[in-house]
Every structure is written in C-alpha cells, then in structure tokens.
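The values are calculated or read from the model by the stated rules, or taken from the named source; none is laboratory data. No experiment lies behind these values; they were computed from the predicted model shown. Note that we place each Cβ from the backbone using ideal geometry, even for glycine, and neighbour counts take in every protein chain shown.
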Ligand SMILES: *Cc1c(COP(=O)(O)O)cnc(C)c1O
C-alpha cells in the first residue's frame, strides 16, 4: 500500500510503514516474535539479521513515526527514557546541554543523576523567554533540549525562535513532543533537529505499553543514534511495537476528543471558587497562547491547576477523592488521570528548584481522557465539593 508525504495525517497514521503482509495478505502488521533470521548463505539475508538490530514489527513503527513527524528516520526504544539515554550517549564528557526548567521529572533525573557524574552537564532555564536559552549557551553546549507544552505547567516554548538563535553555533535542538503529539505539533518542520517521544502516552494511547522513539532528518546523527540503538540495545519488543502501531491508528480522533473534553473541564475549573488558577494553552490569558496558536494546530488534553491557599494537603486530598479520574502517574491514555506532581511525577526535583520554576505545592495535573465530559465534570465537582 503506497503512502506518501502528500497524504493527510490520519491516512498516514493508519497506513505509513504498514504494507499488507506479502506472504499471507494479513492487513495488520504481524508481530514478528523472532530473535534471529535464517540466511541463505553467510551474510545473505532479507534485510534482518538479529532482532536487537532490526525487527519487521519495529521497522513498521519506525517508518510510521518518521512519516507522522515529517522526518527521514525513526528509531524506537523500550521506553521514552531509553530514547533519551541513546541521545545522551552520542555526547562526550565535557559536553553541555541547555534544557527548559519545567520538564519531565525523569528527564531531569537522568541528566543530573546519571549523566552529570560522567561530565555531561546541564543548565536549566525558563525557555519561554528564548533570551534565557541564548544566555545559557557556552562553547561546550551541544544540545538545546525543549519540552513544549511543558510538564506540568503547560508553558509554551517558541520552537522556531530557539532554532533561530541556535543557528551557526553547531548546536542541535531536541524537542520532546510527547504532550502535543505529531497530530498537534511537528517540531522538525519548525527547524528542530530531532523529536523525542514517550510512546507510553498519547501515541500508545491505552495505558498498556511503555515505549519511546526519536525521529530526525539529520542523516549523520541518525546513523550515530542507530549505532547506539544497536550497540547499547535499549530496544522494544515486537508486541510493544504492535500495540503502539494499533494505538496510533486512532490518534487523530482521540486527540480531538481529548481536547474537546479538556476545554469543558477547563471552563468548569475556571469558574470554581476553590481553584486559584488554571494552566491550559488554549486559554486566551495563557502567556503562551499566541505562540501555541502559531506552532500548534490544537491544545491537547493536559490541564493543570492550583488550589486556593496553596496548601499541599488540599491538593493531596483532592487527588484522592476523584472516582473517574484515577490517581496515577502517566498521561495520554483514553482514561482520565489525576496526580499531584510535587509528591509523584516531579518528586525527584528539589523543592527549591521546583518553587523557582513555579511548581506550587498545591498544583494538580489532569490528563483528561475521552469519557463523557459531563461525567468528568461531575467527578471533579464532587471531589472539590
Ligand atoms: C513519560 C514521559 C517521558 C519518559 O517516557 P517513558 O516512556 O516513561 O520512559 C519523557 N517525556 C515526557 C514529556 C513524558 O511525559
């Protein structure tokens, strides 16, 4: 089945990388449960030698993701952090990263606790002002690492502006596109060098698999990354790849519904007397709204808010009281989740750093699912009650 970049997003989501199986006609990509491949003579094979190096189910997913992000090469991993780890392994001791301060807690942890001891250091800045990024660049800086919308404050970073200031300085710009997904934002088209995903979230979409991916059009870096993928071996199994492929087929319809529900929840929260402030890039008063309009085609399903009084105990109580919104880490599945970042996903960040980044003790994060919006609002209303 031919797919090309001219086809629409939803068509490519369903077909890219997934030709019907040539031997049986099976319309779904088979799960190739095999570790090795028989060769007709030494070194003569059909493109696959060993499943760490390559597996047809993984190849289908890698090609699919490359198409959706508009890149030339996709590489998949056993988790989002295994993808991050692979990128970091292409750096050397003495290299430096400038990263946004409001980022996924696990990314902060691998930067600071795993790679800093090897001499790969990071500086964290509020990247919503690109001048802060420019000021943190040194002659050792190799990567600018962005997340937008950020987690959990949903701040918006102007990708094109950061790409512009990085030009001619031998730097690469990495964008963690997990929150937006390629349906809402395509960083490579804005000039970024590489896109990273936790497939565990919206792309998988059903909270049943952990995975990661990177997509790039930088052929030289892609070669290096593929080398590390094989040499270090942080690859996903074929069943995991199949589950993500299946999830991606409905990405477009799911994202539309996530957003519709998120908008309804945001309207409810904004009017609620116990809520002090709501962060959602779709709100006109959100400081990143104009940039979001420019670089995204929608605002997604993540919402965060702070309770009046800024008390950690109030936030902890609220997240324990909802019934449909399940109290859990992670995000992006069809079911709604609620969490308290300070004691859960962002517990690895020291309190001082957190407060500096605007992460209140009374912050609550929602991953708004695709249930009926009325039931979600009733649930929050009762819990806030
Ligand atoms: C979950 C997540 C990651 C890490 O991905 P895993 O699949 O959990 O390893 C990285 N970035 C963001 C924004 C995430 O939400």
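What's the total number of residues in segment 102-154 that are more than 16 Å from the ligand (Cβ to nearest atom) and without any contact (Cβ under 8 Å) to a residue 12 or more places away in the chain?
7
Exactly one condition in (1) assigned to a helix (DSSP H, G or I); (2) over 12 Å from the mean Cα position of the chain (by Cα) is not met by residue 169; state its number.
The failed condition is (1).
Which one of these does residue 364 not meet: (1) in contact with a helix residue (DSSP H, G or I) (Cβ under 6 Å, 6 or more places away or on another chain); (2) assigned to a loop (DSSP other than H, G, I, E, B); (3) surrounded by 16 or more Cβ atoms within 10 Å (Cβ to Cβ)?
Looking at each condition in turn, residue 364 falls short on (2).
Any residue in segment 223-241 that is part of a helix (DSSP H, G or I) sitting within a Cβ distance under 7 Å of a residue that is surrounded by fewer than 17 Cβ atoms within 10 Å (Cβ to Cβ)? List the pairs, counting only those 6 or more apart or interchain.
224/90; 225/90; 228/90; 230/52; 230/53; 238/33
Could you count how many residues in segment 178-191 are part of a loop (DSSP other than H, G, I, E, B) and either in contact (Cβ under 8 Å) with a residue 40 or more places away in the chain or within 12 Å of the ligand (Cβ to nearest atom) (or both)?
Going through segment 178-191 one residue at a time, the tally reaches 5.
How many residues does segment 206-220 hold that are closer than 15 Å to residue 73 by Cβ and surrounded by fewer than 21 Cβ atoms within 10 Å (Cβ to Cβ)?
Of the residues in segment 206-220, 4 are closer than 15 Å to residue 73 by Cβ and surrounded by fewer than 21 Cβ atoms within 10 Å (Cβ to Cβ).
Being surrounded by 24 or more Cβ atoms within 10 Å (Cβ to Cβ) and in contact (Cβ under 8 Å) with a residue 60 or more places away in the chain is the filter here, so list the residues in segment 161-177 that pass it.
Those that are surrounded by 24 or more Cβ atoms within 10 Å (Cβ to Cβ) and in contact (Cβ under 8 Å) with a residue 60 or more places away in the chain: 176, 177.
Pick from 236, 182: which is touching a helix residue (DSSP H, G or I) at 6+ places or on another chain (Cβ under 6 Å) and either at pLDDT 95 or above or not assigned by TED's automatic domain parsing to the domain that holds residue 331 (or both)?
182
Scanning segment 197-222 for residues that are over 19 Å from residue 301 (Cα atoms) and assigned to a strand (DSSP E or B), which turns out farthest from the ligand (Cβ to nearest atom)?
216
Taking only segment 125-153 into account, find how many residues are under 21 Å from residue 111 (Cα atoms), out of contact with any helix residue (DSSP H, G or I) (no Cβ under 9 Å at 6 or more places or on another chain), assigned to a loop (DSSP other than H, G, I, E, B) and at pLDDT 95 or above.
The qualifying residues number 3.
Condition check ((1) surrounded by 19 or more Cβ atoms within 10 Å (Cβ to Cβ); (2) in the same structural domain as residue 332 (by TED's automatic domain parsing); (3) over 17 Å from residue 325 (Cα atoms); (4) touching a strand residue (DSSP E or B) at 6+ places or on another chain (Cβ under 7 Å)) across all residues:
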{"site": "261", "(1), (2), (3), (4)": "yes, yes, no, no"}
{"site": "269", "(1), (2), (3), (4)": "yes, yes, no, yes"}
{"site": "283", "(1), (2), (3), (4)": "yes, yes, yes, no"}
{"site": "291", "(1), (2), (3), (4)": "yes, yes, yes, no"}
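Return yes or no: is residue 331 within 16 Å of the ligand (Cβ to nearest atom) and in a loop (DSSP other than H, G, I, E, B)?
So residue 331 fits the description; yes.
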